[in-house]
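Trainee: Quick one: this structure, given as C-alpha cells, is what I'll be asking you about.
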Amino acid sequence: MVDRPAEEEFSRLMTEAGRIVSRLQTPRSTVTNLLRRIRENLSAQETDELREQLKREISRALELGGIPLGVIDSLTMVFVNLCINTIEVVHAEPGDSVVLHLKCSSLWALLRLREMILSGLLLRLLSKAIKEFIQSRSRAQLVVLADDFKSTLSCLTIASRMFSKTELQL
C-alpha cells in the first residue's frame, strides 16, 4: 500500500472522519432522518434524492471537521454506504496496511458488510479514498537557487569534458 507514516496518517484521518459522521447521527438530526427515510420502501428516484442529500450533509460535516478537501468526496462515499447499512467506523489503525474496526448495529448490518466485502464494493470505495489521500498529501518541494544551479551545472560540464577526454585517451 503506502509507507508506515502514510498509513498512520490515513488511519488518523479515517478515525476522525468516523467520529465526525457518528456525531451527525443524533436522534433528531437531519442525517438520522435521511437514513430512516432511505430505509423506507421508496421509489428509486426518491431514494437517490435522499442519498444525494445525505452526501451533502456528510461532505459538509467532513469539511467543517477539518478533513482535507482532496479526500472529502471519496470519504463521503465510504461513509454514505456504511451509514445506509448501519455500519460505523469505530477506529482505524496501521497494521499490515490500514485496519478498520467497524461496528455493525444488527445481524442485517453484518450481512450487508459481508456483501459489501464479497462484492468488492468496500474495497473499491476504500481504494479510491486511499488514492485520493495519497494524491492530496503535501509533497516536499526542492528549491534550487539559480546561482547554485549554474555553479553545479558548470562543475558537471567540466567533469563531463574530463571524462570524455579520458575515454578518448583509452
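Trainee: So Trp108 passes all but one of these: (1) on the phi > 0 side of the Ramachandran plot; (2) free of Cβ contacts under 8 Å to residues at least 24 places away in the same chain. Which condition number does it fail?
Mentor: Going through (1) on the phi > 0 side of the Ramachandran plot; (2) free of Cβ contacts under 8 Å to residues at least 24 places away in the same chain one by one, Trp108 breaks only (1).
Trainee: Select from segment 6-46 the residues that are under 23 Å from Leu102 (Cβ atoms), of a type outside the set (A, V, I, L, M) and more than 23 Å from the chain's Cα centre (by Cα) and list them in ascending order.
Mentor: Scanning segment 6-46 gives Thr26, Pro27, Ser29, Thr32, Arg36, Arg39.
Trainee: A further question follows. Quickly run through segment 32-64 and pick out the residues that are of a type in the set (S, T, N, Q) and either surrounded by fewer than 13 Cβ atoms within 10 Å (Cβ to Cβ) or touching a helix residue (DSSP H, G or I) at 6+ places or on another chain (Cβ under 9 Å) (or both).
Mentor: Those that are of a type in the set (S, T, N, Q) and either surrounded by fewer than 13 Cβ atoms within 10 Å (Cβ to Cβ) or touching a helix residue (DSSP H, G or I) at 6+ places or on another chain (Cβ under 9 Å) (or both): Thr32, Asn41, Ser43, Gln45, Thr47, Gln53, Ser59.
Trainee: Restricting to segment 96-140, give me the number of residues that are of a type outside the set (Asp, Glu) and farther than 22 Å from Ile67 by Cα.
Mentor: 17
Trainee: May I pose another question? Could you check how many residues of segment 20-29 are surrounded by 15 or more Cβ atoms within 10 Å (Cβ to Cβ) and without any contact (Cβ under 8 Å) to a residue 40 or more places away in the chain?
Mentor: Summing the residues that are surrounded by 15 or more Cβ atoms within 10 Å (Cβ to Cβ) and without any contact (Cβ under 8 Å) to a residue 40 or more places away in the chain in segment 20-29 gives 1.
Residue-wise test of (1) part of a helix (DSSP H, G or I); (2) closer than 17 Å to Leu122 by Cβ; (3) aliphatic (A, V, I, L, M); (4) in contact with a Pro (Cβ under 9 Å, 6 or more places away or on another chain).
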position: Arg12; (1), (2), (3), (4): yes, no, no, no
position: Arg19; (1), (2), (3), (4): yes, no, no, no
position: Arg36; (1), (2), (3), (4): yes, no, no, no
position: Leu75; (1), (2), (3), (4): yes, yes, yes, no
position: Leu82; (1), (2), (3), (4): yes, yes, yes, no
position: His91; (1), (2), (3), (4): no, yes, no, no
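Trainee: A further question follows. Please go through segment 1-10 and pick out each residue that is surrounded by 12 or more Cβ atoms within 10 Å (Cβ to Cβ) and either acidic (Asp, Glu) or part of a helix (DSSP H, G or I) (or both).
Mentor: Hits for segment 1-10 are Ala6, Glu7, Glu8, Glu9, Phe10.
Trainee: Take the conditions at pLDDT 90 or above and either in contact with a strand residue (DSSP E or B) (Cβ under 9 Å, 6 or more places away or on another chain) or of a type in the set (S, T, N, Q) (or both) and apply them to Val98. Does it pass?
Mentor: no
Trainee: Continuing with this model, one more query. Return a yes/no flag: does segment 100-123 have any residue that is in a helix (DSSP H, G or I) and within 14 Å of the chain's Cα centre (by Cα). Talk me through it step by step, then tell me what you get.
Mentor: Going through segment 100-123, the residues in a helix (DSSP H, G or I) turn out to be 107-119, 121-123.
Narrowing further to those that are within 14 Å of the chain's Cα centre (by Cα): 122-123.
Among the residues of segment 100-123, at least one is in a helix (DSSP H, G or I) and within 14 Å of the chain's Cα centre (by Cα), which makes the answer yes.
Trainee: Of these, Glu57, Glu52, which one is without any contact (Cβ under 8 Å) to a residue 40 or more places away in the chain, assigned to a helix (DSSP H, G or I), more than 16 Å from Leu75 (Cβ to Cβ) and of a type in the set (D, E, K, R)? Explain how you work it out, then say what you get.
Mentor: Numbers: Glu57 fails: more than 16 Å from Leu75 (Cβ to Cβ).
Every option except Glu52 fails the conditions.
The values are calculated or read from the model by the stated rules, or taken from the named source; none is laboratory data. It should be emphasised that the depicted structure is a prediction, and the values quoted were computed from it without experimental measurement. Don't worry about glycine lacking a Cβ; one is built from the backbone with ideal geometry, like all the others, and counts go over all protein chains shown.
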